[in-house]
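One structure is given below, encoded as structure tokens.
The values are calculated or read from the model by the stated rules, or taken from the named source; none is laboratory data. Note that the structure is predicted; figures quoted are calculated from it, not measured. When we count neighbours, we look across all protein chains shown, and the Cβ atoms used for this are built from the backbone with ideal geometry, even at glycine. Note: areas computed on protein heavy atoms with side chains; ligands, DNA, RNA excluded. Shrake-Rupley method; radii C 1.70, N 1.55, O 1.52, S 1.80 Å.
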Amino acid sequence: LFRVGGAAVLLSNKCKDKKRAKYQLVHTVRTHTGADEKAFHCIYQEQDESGHVGVSLSKQLLAIAGDALKTNITTLGPLVLPISE
């Protein structure tokens, strides 16, 4: 789930890295699901009874993340796949 955005670590905008690059980023897709109430509250920062601030993860997190990933792939598919696919 959280590693999907980690690919950005491999990217560089420095001119000197252009010769060493194996790949070129052509398309990016980002899905914002914060308007959905379930998606908005699936990861939430809150305090517990002791006053410690922590992160609360909902049981619906994987389902919401799967829907966001499905939306990204659906959007990206026509950009990278041939018309016959």
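General observations
- Close Lys pairs in the chain (alpha-carbon distance under 24 Å; sequence gap of 8 or more, or different chains): 4.
- Axis of helix 61-80 versus longest Cα principal axis of the chain: the two differ by about 20°, to the nearest ten degrees.
- Sorted peptide list for 63-69, 21-27, criterion being average Cβ within 10 angstrom, highest first: 63-69, 21-27
- Candidates LEU81, GLN47, ALA68 compared by Cα position along the dipole of the chain: farthest toward the positive end lies LEU81, with charges placed on Cβ.
- Taking the Cα centre of the chain as origin and assigning +1 to Lys and Arg Cβ atoms and -1 to Asp and Glu Cβ atoms, the resulting dipole is close to 900 debye.
- Portion, in percent, of the accessible area of the chain that falls on carbon or sulfur, probe 1.4 Å: 56
- Shown is the FRET efficiency for LEU57 and VAL29, computed with R0 = 22 Å from the Cβ-Cβ distance and rounded to the nearest 0.05: 0.35.
- Expected-Rg normalisation [2.2 N^0.38 Å, Cα atoms] applied to the chain: 1.51
- Taking all protein chains into account, the per residue accessible area for region 7-85 stands at 95 Å² (1.4 Å probe).
- Distance between the 7 Å Cα→Cβ label points at VAL80 and LYS38: 2.7 nm.
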